[in-house]
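Participant: Take a look at this one; I'll ask things after.
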Amino acid sequence: MPIFRSRYLRTEAAHRTTSFEIFFDLVFVFALTRIIEFMARQPTGVTLARGLLLFLLLWFSWSAYAWLGNEVRADVGLIRAGTLAAMAAMFVAALVIPDAWGDEEGGSGVPAPLLLALSYIAVRALHLVLYLHVSGSQQLSRTLRLIAVPGILGWSTLLAGALLGGTAQTALWALAFVVDVGGSRFATSYSPWQLRSVTHFTERHRLVIIIAIGESLISIGAGAGTELTRWSVLVAALFGLAVAVCLWRLYFDRVAPAAERVFAAAAEPRRGTIAGDAYSLAHFPLIAGIMYVALGIEQVLATLIDEAPEGEHGTLGMPALVALYGGSALYLAGRTLFLRLSTGEAPWLPLAGAGLVLVLLPLARLLPALPALALLVLVLTAQCEVERHVRPAARPRRGAPTGRRPPGRGRRRWS
């Protein structure tokens, strides 16, 4: 099949994620690792905020291509060629992310902030061009033209920030995000997206969650390096694995299946709303939480490796603790948002877990790095076990079938 063949294939209701889209997701997650590297260089409150801003731009770029792959097959003809070009632009952006604020001087080439801005614009512009090429209805064409207006305004602001640098860059890039993504969401509220395959959309988001959790394990391995012969580093690495297992369970055991049942049973207008809100929007705090937790675990390992051999046990700095505990709380709260926007219910248990994690943060500040990580493992494991004995109450709206089973012995509802 020639890569530049211009034809395209519409997806069917039973369409599944293609291997080509998984390849695209790997480039996205590589960019995620580079954001973690950017924040790990000098963890401060400003750096954590800038990392979140970078991830905002990255996430909504990825989300745009998830919608495109739901409309037409991503691995056919011109769509594949255009998506490959977008992958190349995202890869270039990932390479320069650690220098996104131009902290390192030198070189006569294009400054890293400007190259990052141009790469982001290329990813977004290619998406709009490809989507317009395959738009088969007046409503879809109108939606794309509406979102192009705030997009172009946001891109101009992004370029201005890249040229100015420093605090002005941070402020203008935040404004660029608000204009681009906020304007796009306002436009789609007037002319909403239409979803073709629920199976593809849910599977795509399941895969990106598990790939992001896998990325956290890569950060653990990179942070441990060759120091695994030290018992404290080995134990911390195993605790990091336990955290990853808990994050996996907290999404895949009950939350994702409950939301997907409602999603599949929803009527067509409601499906587009669930896709845009519960998946494109509410999965942002989930993956952002995973990213911060990975950074926090990496900082635990770095603290243990830097300790004196005689054993002066160092504590984590506040930015590292905020990443570790705040990221976990963000992930837990994101699950409640995901369920609220998909099933219409807001279970209290995930929010209670998020609140407990935040309450324990001052205590963790007093503990050495390894016990602080152990305390988080204990809380997340307890959250998994408590939720395992609570039956999720996910019900489709407006009389749609629920697939509910009689409550098992000793089980209670989410809330």
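The values are calculated or read from the model by the stated rules, or taken from the named source; none is laboratory data. Please read these numbers as outputs of a predicted model, since none were measured by experiment. Because the Cβ atoms are built from the backbone with ideal geometry, glycine has one as well, and the counts that use them run over all protein chains shown. Calculation scope for accessible area: heavy atoms of the full protein, side chains included, ligands and nucleic acids excluded. Shrake-Rupley method; radii C 1.70, N 1.55, O 1.52, S 1.80 Å.
Participant: Order the following by accessible area, largest value first: ILE287, ILE152. Probe radius 1.4 Å; ligands, DNA and RNA are ignored.
Facilitator: Ranked list, largest accessible area first: ILE152, ILE287.
Participant: Suppose R0 equals 22 Å. What FRET efficiency, 1/(1 + (r/R0)^6) with r the Cβ-Cβ distance, do LEU207 and ARG185 give to the nearest 0.05?
Facilitator: The pair LEU207/ARG185 has a calculated efficiency of 0.40.
Participant: Further question: Just the projected area, averaged over all directions, of the convex hull on the alpha carbon atoms of the chain: how many nm²?
Facilitator: Average projection, Cα convex hull of the chain: 22.0 nm².
Participant: Rounded to the nearest 10 Å², what accessible area does TYR292 show when all protein chains are kept and the probe is 1.4 Å?
Facilitator: The accessible area of TYR292 comes to roughly 30 Å².
Participant: Taking the highest mean first, how do the peptides 58-68, 136-146 order by number of other beta carbon atoms within 10 angstrom per residue?
Facilitator: 58-68, 136-146
Participant: Roughly what would the spin-label model give for LEU164 and VAL359, points 7 Å off Cα along C-beta, in nm?
Facilitator: My value for the distance between the label points is 4.3 nm.
Participant: Also, quick follow-up: Report, in deg cm²/dmol and to the nearest 500, the calculated mean residue ellipticity at 222 nm for the chain, where each DSSP H run with n ≥ 4 adds -39500 (n - 2.57) and the sum is divided by the residue count.
Facilitator: So the calculated ellipticity at 222 nm is -24000 deg cm²/dmol.
Participant: What is the extension gain from TRP348 to ALA14, computed as 0.36 nm multiplied by their sequence separation minus the C-alpha to C-alpha distance, in nm to one decimal?
Facilitator: Stretched fully, the TRP348-ALA14 segment lengthens by 116.8 nm.
Participant: Could you compute the net charge surrounding SER197? Neighbours are other residues with a C-beta less than 11 Å from the C-beta of SER197; K and R count +1, D and E count -1.
Facilitator: Taking every Cβ under 11 Å from that of SER197, the sum is +3.
Participant: What's the magnitude of the charge dipole for the stretch 131-222 around its Cα centre, counting Lys and Arg as +1 and Asp and Glu as -1 at the beta-carbon? Answer in Debye, nearest 20.
Facilitator: Here the size comes out at about 300 debye.
Participant: Compute the projected area of the convex hull of the Cα atoms of the stretch 83-162, averaged over all viewing directions, and report it in nm² to one decimal place.
Facilitator: Orientation-averaged projected area of the Cα hull: 5.7 nm².
Participant: Stretch ALA85-ILE22 to full length: gain in nm at 0.36 nm per residue minus the Cα-Cα span?
Facilitator: Computed gain between ALA85 and ILE22 is 21.1 nm.
Participant: Here's another thing I want to ask about it. Take the Cβ-Cβ distance between ASP277 and THR44 as r, set R0 to 41 Å, and report the resulting FRET efficiency rounded to the nearest 0.05.
Facilitator: 0.80
Participant: Full-extension gain between ARG270 and VAL390, please, as 0.36 nm times their residue separation minus the C-alpha to C-alpha distance.
Facilitator: Gain in length upon complete extension: 40.5 nm.
Participant: In the stretch 263-383, if the dipole is taken from +1 on Lys/Arg beta carbons and -1 on Asp/Glu beta carbons about the Cα centre, which of GLY353, LEU363, VAL293 is farthest to the positive end?
Facilitator: Checked the options; the winner is GLY353.
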